[in-house]
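S.K.: Pasting a structure here, questions to come.
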Amino acid sequence: MVRDLTGKVALVTGGAHGVGRAVVDRLATRGAHVVINYLRAEEAAQRTLRELTARGHSAELIRCSVRRHGSISRMFDTVGERHARLDILVNNAASGAFGPIDQLAEKDWARAVDTNLNGTLWCSQLAAAQMSDGGAIVNLSSLGASLAAGNYAAIGTTKAAVEALTRYLAAEYGPRGIRVNTASAGPLEGEALRSFAPAAGVRKAIRAATPLGRLGTESELAEVVLFLVSSAASWVTGQVLVADGGLSLGTALFAGEPGG
Ligand SMILES: NC(=O)c1ccc[n+]([C@@H]2O[C@H](COP(=O)([O-])OP(=O)(O)OC[C@H]3O[C@@H](n4cnc5c(N)ncnc54)[C@H](OP(=O)(O)O)[C@@H]3O)[C@@H](O)[C@H]2O)c1
């Protein structure tokens, strides 16, 4: 089976809940041992671990802030000591303030850059040092990296940089047999959408502008990540794979009123 991950060790940043949790589920279900990184969500992390182990899957928790290089280093040292290998890294953790540019504070911008861009870089660098031929790194991004979504400048800009970084990582690690890709998505049903105000209006507008007529789910984005880490994508590297129901096709922009 091309998506069989038995015997592989995977690390998912921000894996306790949300999209990260859905990714952790997919990887564990396919047989990988999953190192679940979390920062604040201790309870959700413990619950995720309990549920996975109750289903017979193999996982462990490591608390670490991907904003801090020292903390990231310790996390990868621990993975190295415990497993002496790493096959898969999913850079899922993300942070940053929602709001107009005029209201962005320095600390919000720094948090977005440190977490989304720097965290992805340092985790990828330290992961690649432990990977051998066949390793796979997947970064997470969103439509706001290429479109200008309202109140999304801090996250969107750092995600655009993550997409560029993906190409550089892929080029440099390719000769070692390590693939690096980005899984991107339009807005999903779930926790994050509630950060937009007013969420109900946003949801309706997105649905209307999406050819498939709905928002995606965390589980659907996790499937894209699973594809990219698996051998089904063995010839794919340096790419951004977008799952958005066709929202970014921009069809709604040209729909117009009859006779308008
Ligand atoms: N939801 C969407 O609509 C959507 C769409 C497209 C792409 N994505 C991408 O999917 C990823 C996850 O999104 P989400 O909606 O699940 O986000 P979320 O609910 O806001 O969760 C963010 C995750 O990042 C972790 N995190 C934040 N700062 C961290 C730090 N310094 N160190 C370690 N972990 C940290 C959090 O861990 P703790 O809670 O443990 O602190 C949490 O697990 C993001 O990269 C996002 O861009 C999401």
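S.K.: Amide H neighbours of L61 under 5 Å, at least 5 residues apart or on other chains, H built in the peptide plane: list them.
M.R.: For L61, whose amide H was placed from the backbone, the distant partners under 5 Å are I36.
S.K.: Another one. Taking neighbour counts of Cβ atoms within 10 Å as a proxy for exposure, in what order, fewest first, do K159, K107, K8 appear?
M.R.: So the ranking, lowest neighbour count to highest, is K107, K8, K159.
S.K.: Does anyone have the angle between helix 69-83 and the longest principal axis of the chain? Alpha-carbon axes, 0 to 90°, nearest 10?
M.R.: That works out to roughly 50 degrees.
S.K.: I want the local charge near E218. Using Cβ-Cβ distances under 11 Å, sum +1 for each Lys or Arg and -1 for each Asp or Glu among the other residues.
M.R.: It works out to a net charge of -3.
S.K.: If I model a spin label at A232 and S248 as a point 7 Å from the Cα along the Cα→Cβ vector, what separation in nanometres do I get?
M.R.: According to this spin-label approximation, the distance is 1.9 nm.
S.K.: Further question: Express in whole angstrom the spacing between the alpha-carbon centres of the stretch 38-52 and the stretch 70-102.
M.R.: Between the Cα centres of the stretch 38-52 and the stretch 70-102 lies a distance of 16 Å.
S.K.: What residues have an amide H closer than 5 Å to that of A185, excluding those fewer than 5 places away on the same chain, when H is modeled at 1.01 Å from N in the peptide plane?
M.R.: S141, S142, L143, A243
S.K.: Add -39500 (n - 2.57) for each DSSP H run of 4 or more in the chain, then divide by its residues: what number comes out at 222 nm, to the nearest 500 deg cm²/dmol?
M.R.: Mean residue ellipticity, 222 nm, calculated: -12000 deg cm²/dmol.
S.K.: To continue, here is another question. Check which residues have an amide H placed less than 5 Å from A93's amide H, if you skip close sequence neighbours.
M.R.: For A93, whose amide H was placed from the backbone, the distant partners under 5 Å are T13, G14.
S.K.: Let me ask another. Considering the options T78, A97, L193, tell which one lies farthest towards the positive end of the dipole of the stretch 9-245, charges being +1 on Lys and Arg and -1 on Asp and Glu at the Cβ, about the Cα centre.
M.R.: L193
S.K.: Still on this structure, please answer the following. If we count other beta carbons within 10 Å of each Cβ, what is the order of R67, R40, fewest first?
M.R.: R40, R67
S.K.: Under a crude label model (7 Å from the Cα following the beta-carbon direction), how far is A54 from A148 in nanometres?
M.R.: For the pair A54/A148, the computed spacing is 4.8 nm.
S.K.: Another question, then. For R214 and Q125, calculate 0.36 nm times their separation in residues minus their Cα-Cα distance, and state this gained length in nm to one decimal.
M.R.: Between R214 and Q125, full extension yields 28.4 nm more.
S.K.: Cα-based Rg of the stretch 47-121 per 2.2 N^0.38 Å, rounded to two decimals?
M.R.: Working it through for the stretch 47-121, the quotient is 1.40.
S.K.: Using θ = phi - 60° and the Karplus relation 6.51 cos²θ - 1.76 cosθ + 1.60, list the HN-Hα couplings for the stretch 36-53 in order, rounded to whole Hz, with x at every Gly or Pro.
M.R.: 9, 8, 8, 10, 8, 7, 4, 5, 5, 5, 5, 5, 4, 4, 4, 5, 5, 5
S.K.: Just from the alpha-carbon atoms, what are the Rg and Dmax of the stretch 22-67 in angstroms?
M.R.: Radius of gyration, then largest Cα-Cα span, for the stretch 22-67: 10.3, 32 Å.
S.K.: Taking the Cβ of each residue in V19, V180 as the centre, tally the other Cβ atoms inside 10 Å and list the residues starting with the fewest.
M.R.: V19, V180
S.K.: I need the fraction of alpha carbon pairs in the chain separated by more than 25 Å, rounded to a whole percent.
M.R.: 42
S.K.: Find the eigenvalues of the gyration tensor of the Cα atoms of the stretch 119-260, then list the square roots of 5 times those eigenvalues as equivalent ellipsoid semi-axes, largest first, in whole angstrom.
M.R.: Those come to 32, 15, 14 Å.
S.K.: Which residue fluctuates the most in the chain, going by a Gaussian network model with Cα springs under 10 Å, if the choices are A148, A59, A171?
M.R.: The residue with the greatest mean-square fluctuation here is A148.
None of the figures in this text is laboratory data; all of them are computed from the coordinates on show. Because the structure is a prediction, the values reported are computed rather than measured. Ideal geometry is used to build each Cβ from the backbone, glycine not excepted, and the neighbour counts take in all protein chains shown.
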